[in-house]
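The values are calculated or read from the model by the stated rules, or taken from the named source; none is laboratory data. In this text, all values refer to a predicted model and were calculated from it rather than measured experimentally. Note: areas computed on protein heavy atoms with side chains; ligands, DNA, RNA excluded. Shrake-Rupley method; radii C 1.70, N 1.55, O 1.52, S 1.80 Å.
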Amino acid sequence: MTETVSVTRQGVGESVRRPDGVLKVTGEFAYASDLWLDGMVWGVTLRSPHASAWIRSIDVGPALAVPGVLAVLTHEDVPGAKYYGLEHKDQPVLAIDQVNHQGEPVALVAADHPETARRAAEKIVIEYEIRQAVTDPYKAAHDETQPKLRPDGNILRRQPVKVGDTFTAPITVTGEYEVGMQDQAFLGPESGLAVPAEDGGVDLYIATQWLHVDRDQLAPCLGLPPEKVRLTLSGVGGAFGAREDLSMQVHACMLALRLNRPVKIVYGREESFFGHVHRHPARMRYEHGATRDGRLVYVKADILLDGGAYCSSSPAVVGNAASLGVGPYEVPNVDVVATGVYTNNPPCGAMRGFGAVQACFAYESQMDRLAEACGLSPLEIRIRNAVSQGSHLITGQMIDSPAPLADMLRRLDAMPLPPAADDDLRSMPGGVSQTTHGESVRRGVGYGVGIKNICFSEGFDDYSTARVRAELINGEPHVTVHTAAAEVGQGLVTIQAQIARTELGVDQVTVAAADTAVGSAGSSSASRQSYVTGGAVKATCEAVRERFEGLPAREALEKFGPIEETRVYRHRPTYPLDPVTGQGSSHTQLALCVHRAVVDVDSELGLVKVVELAAVQDVGRIMNPQALEGQIHGGSAQGLGLALMEEIQIKDGRVLNPSFTDYLIPTTLDMPPMTMEILENPDPAAPYGLRGAGEPPTLSSTPAIAAAVRAACGHRLTRVPIRPEDIALVDYGEGIR
């Protein structure tokens, strides 16, 4: 991925063309699913059809008898530790004596052809004893008659946040809200290639978000030291959080080491739904109290998150939901409790927005209700309560960098509204299939505000490592940047090259493939890589530049020869939340985004067309304008999906719609035109003053669209995604649905 162009047009602040862009557009880019090696064989995973069951016996004989089958493995064949996990090692490599969710891996098959492996896997005979599944998160948390999924119960984390003691006010509004289970829905399914090595180790070429944590989970399970498990990033077809956890990594490596042959595993679309974590479904009860002129007095909130069968990153998700649970508003009295529970539903973990999305839908819905109760506009009530630099979060943490929320809302209000709808059926909800011909179509406008933490929180040792080498190649200065940071589509490779050009004044920059041969860069999540890996590349380039001793790059390299430096960059420390009061400076950085949505709604057919989205976001410093705009568009699209269409349907722990036929995601035709205003108020603690930008649009777009639909149809709409029947039916009052 080498770009050779003028420094003045290719450094920080410029819209630099992505080195992988043309290849992706033309279909020539090599994704992990395209990996191929002579002599490789194919691996397939057999998964449980049950949400909760004992395994009484496994007979692999019929599978081994299939011609072309080379190996069939169960938990007895795991060479090392039998459990792994991001925060707690609670997830079995292969099910041992029980299964805890539908789709749990039970056995592996390797064969000379993928179809042979699939047919053989179907022949494995497993005797299950089905048992009661825990599928209702509320009952899991509160009903003592429910089975205990862990020795200490079903609660994985409970995080209160308590401030003040005044919980009465002249104006109060109460609401119950629900968010469905959203899938990351990346287009490139889980895939990778494991290659046994001569030293007894294994090389894994993999689409992931976190190379070193993958390695650190893999090595104990394979019975190998970490240095013998080497990972190289392969082309990633989207991630959005779902590739933080292991999927097929350990399975491919087990088969490769058993057979001493390269093994490739590629999930199909249905298996992908079972092979990764999802966004936590949430049930939330909120009570807001305010003065008659709309000043918040208190907020009470009970946030319940369904973590599914295994821990994954749920404790951190709960921490985010609690600490950001009332939004970017000044509130002197707070009683928030966020709880994550284990169930026998599919495991949930990281997804864009990470706990803050769910709370945002609830608190923004409440702000609209409070505005109505106080006789204020939705914008005015938000402006009156907006945080600013010097404000404190409900955790007591001071916002010590710019937070111009009131100004952002005023800028949003000043943006022109789109023109009124015309009578062309093609422009109406449902297009030409709009059978009412538009007589029941109404327009609505809604607003949403979101606040999201950037980088990892609560004392996590969050850092990145960069190695930079400057040398003369064919007489010209050339720089190679090497990190383990995963390029998952966000444009990180481009940013690293921009930083190197800016700091070293060198045109020719190569960003080496990310792998575990260099120190960890952490995960490509939490909107952190531009901040942390960008900071590491910047610091390392500065170290290289110091060795130039004031000479231009060419002169320095002619005099000193190749110069190489490695640096580790850490952001300022964070601290765990107090388990009783929820107080603590738990976050590194905070980011704000505000949205206005304009929708047309057919109240008879329950159809919605998003006419326009407008957004204002403060990004601290624009690193790459075009890439940034793409992030805001993409985050808004995922928020639109959660608002109107995306939900994994679960019944008795079973997934009903594991396909893109039945799980719907927004397409180009669903996305409206977007108007954006991007502000630059630098964060003095961050490299270049930048502020992570990828997640905040996902927060605020969902409640803005929901509010616009409410304004158009007049119903309360306390659940997302909003379904046609929610719009077409009469008002159903206070409850959820």
(request) Provide the per residue accessible area, probe 1.4 Å, for the stretch 177-273, rounded to a whole number of square angstrom. (result) 26 Å²
(request) Given a cut-off of 26 Å, name the pairs among K24/K538; K300/K452; K148/K651 whose C-alpha atoms lie farther apart than that in the structure shown. (result) K24/K538
(request) Name the lysines eligible as straight-distance cross-link partners of K123: C-alpha to C-alpha under 25 Å, and not fewer than 8 places from it in the same chain. (result) K82, K264
(message) Rounded to the nearest 10 Å², what accessible area does R215 have for a 1.4 Å probe in the complete protein model?
(response) 50 Å²
(request) Any aspartates and glutamates with Cα under 20 Å of the K228 Cα? List them, leaving off those in the same chain fewer than 8 positions away. (result) D77, E198, D199, D203, D214, D216, D515
(message) How large a share of the accessible area of the stretch 5-141, in percent, is made up of carbon and sulfur atoms when the probe is 1.4 Å and the other protein chains stay in place?
(response) 51 percent
(message) Leaving out ligands, DNA and RNA, and with a 1.4 Å probe, what % of the accessible surface on the stretch 252-361 is carbon or sulfur?
(response) 45 percent
(request) Can you send over the carbon and sulfur percentage of the accessible area for the stretch 444-545, probe radius 1.4 Å, protein chains only? (result) 47 percent
(request) Calculate for the chain the 222 nm mean residue ellipticity that helices alone would give, adding -39,500 (n - 2.57) per DSSP H run of length 4 or more and normalising by residue count, nearest 500 deg cm²/dmol. (result) -7500 deg cm²/dmol
(request) Take the Cα gyration tensor of the stretch 480-587, multiply each eigenvalue by 5, square-root it, and list the three semi-axes largest first, rounded to whole angstrom. (result) 32, 16, 11
(request) Can you send over the solvent-accessible area of E129, 1.4 Å probe, protein chains only, in Å² to the nearest 10? (result) 90 Å²
(request) Order E542, E364, E565, most accessible first, counting only protein heavy atoms with a 1.4 angstrom probe. (result) E542, E565, E364
(message) Whole-Hz ³J(HN,Hα) for each residue in the stretch 268-285, computed from phi via Karplus 6.51 cos²θ - 1.76 cosθ + 1.60 with θ = phi - 60°, x for glycine and proline: what do you get?
(response) x, 4, 4, 5, 4, 4, 8, x, 9, 6, 10, 6, 5, x, 9, 10, 9, 10
(message) With every protein chain kept in place and ligands, DNA and RNA left out, what is the accessible area per residue of the stretch 13-151? Probe 1.4 Å, answer in Å².
(response) 50 Å²
(message) On a straight-distance basis, which aspartates and glutamates could pair with K559 in a cross-link, Cα separation under 13 angstrom, same-chain partners fewer than 8 positions away excluded?
(response) E471, E549
